[in-house]
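Undergrad: Quick one: this structure, given as structure tokens, is what I'll be asking you about.
The values are calculated or read from the model by the stated rules, or taken from the named source; none is laboratory data. Given the structure is predicted, the values throughout are model-derived calculations rather than measurements. Glycine gets a Cβ as well: all are built from the backbone with ideal geometry, and neighbour counts include every protein chain shown. Quick note on the areas: whole protein, heavy atoms, side chains included, nothing else; ligands and nucleic acids left out. Shrake-Rupley method; radii C 1.70, N 1.55, O 1.52, S 1.80 Å.
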Amino acid sequence: MLSVPASVRIFIARDAVDFRKAHNGLLSIVRDQFGDDPFAGGLFVFLNKSRDRVKLLQWDEDGFWLHYKRLERGTFRLKLRDDVDGQRVMITRAQLSMLLEGIDLEKRVIRKPFELGKRRG
């Protein structure tokens, strides 16, 4: 699990992202669509269309980190605020942690952990 300092602002993209994009493609989304400075230290979260993959992008003084997680079963669930305009929404460290750990706050359930031997087709 990642340790994110309280000083880091975390943003999640409202729309699904083409996961063929790597560092440069995601940087262009941050810069051109979000209007943010990718070098300012924010953590940017991207989900794919089926919401079974997540990428986290962050500047770290001398380069960009790109974290990637693919679920073997289930989806990432997070209800985004509807009252905020824009391409991205700020979320808390707690929301990020719950998203990555599979906690669905709306249904109040935790995604069952993946068991070896039960891979998807």
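Undergrad: Quick one: which residue in GLN58, GLN33 is more than 12 Å from the chain's Cα centre (by Cα) and over 30 Å from GLU115 (Cβ atoms)?
TA: Going through GLN58, GLN33 in turn, the sole match is GLN33.
Undergrad: Further, regarding this structure: So is ARG88 open to solvent by 50 Å² or more (accessible area, probe 1.4 Å) and touching a residue at least 24 places away in the same chain (Cβ under 8 Å) or not?
TA: yes
Undergrad: Something else now. Of everything in the range 22-33, what is of a type outside the set (S, T, N, Q) and either modelled with pLDDT under 95 or more than 14 Å from MET90 (Cβ to Cβ) (or both)? Give them in sequence order.
TA: Across the range 22-33, the qualifying residues are ALA22, HIS23, GLY25, LEU26, LEU27, ILE29, ARG31, ASP32.
Undergrad: I'd like to know if the range 70-79 contains one or more residues that are part of a loop (DSSP other than H, G, I, E, B), under 30 Å from GLU115 (Cβ atoms), of a type in the set (A, V, I, L, M) and touching a residue at least 12 places away in the same chain (Cβ under 8 Å).
TA: yes
Undergrad: Looking only at the range 10-27, count how many residues are farther than 23 Å from ARG77 by Cα and buried (at least 16 other Cβ atoms within 10 Å of the Cβ).
TA: 1
Undergrad: Sticking with this structure for a sec: Please verify whether the range 110-120 includes one or more residues that are touching a Lys or Arg at 6+ places or on another chain (Cβ under 9 Å), assigned to a strand (DSSP E or B) and either modelled with pLDDT of 75 or more or open to solvent by 50 Å² or more (accessible area, probe 1.4 Å) (or both).
TA: No; the residues of the range 110-120 include none that is touching a Lys or Arg at 6+ places or on another chain (Cβ under 9 Å), assigned to a strand (DSSP E or B) and either modelled with pLDDT of 75 or more or open to solvent by 50 Å² or more (accessible area, probe 1.4 Å) (or both).
Undergrad: Continuing with the same structure: So, in the range 65-83, how many residues would count as being of a type in the set (Lys, Arg), exposed (fewer than 14 other Cβ atoms within 10 Å of the Cβ) and within 19 Å of ARG93 (Cα to Cα)?
TA: So the count comes out to 3.
Undergrad: Okay, next question. Please go through the range 1-45 and pick out each residue that is of a type in the set (Phe, Trp, Tyr) and in a strand (DSSP E or B).
TA: PHE11, PHE44, listed by residue number.
Undergrad: Of all residues in the range 3-17, how many are free of Cβ contacts under 8 Å to residues at least 60 places away in the same chain and under 13 Å from the mean Cα position of the chain (by Cα)?
TA: So the count comes out to 2.
Undergrad: Just one of (1) open to solvent by less than 80 Å² (accessible area, probe 1.4 Å); (2) out of contact with any His (no Cβ under 8 Å at 6 or more places or on another chain); (3) in contact (Cβ under 8 Å) with a residue 40 or more places away in the chain trips up VAL30, so point out which.
TA: (3)
Undergrad: List pairs: first residue in the range 35-64 and closer than 21 Å to GLN95 by Cβ and among the charged types (D, E, K, R), second residue assigned to a loop (DSSP other than H, G, I, E, B) and open to solvent by less than 20 Å² (accessible area, probe 1.4 Å) anywhere in the structure, Cβ distance under 6 angstrom, at least six positions apart or on different chains.
TA: Between residues of the range 35-64 that are closer than 21 Å to GLN95 by Cβ and among the charged types (D, E, K, R) and residues that are assigned to a loop (DSSP other than H, G, I, E, B) and open to solvent by less than 20 Å² (accessible area, probe 1.4 Å), the close pairs are ARG51/PHE76; ASP52/LEU71.
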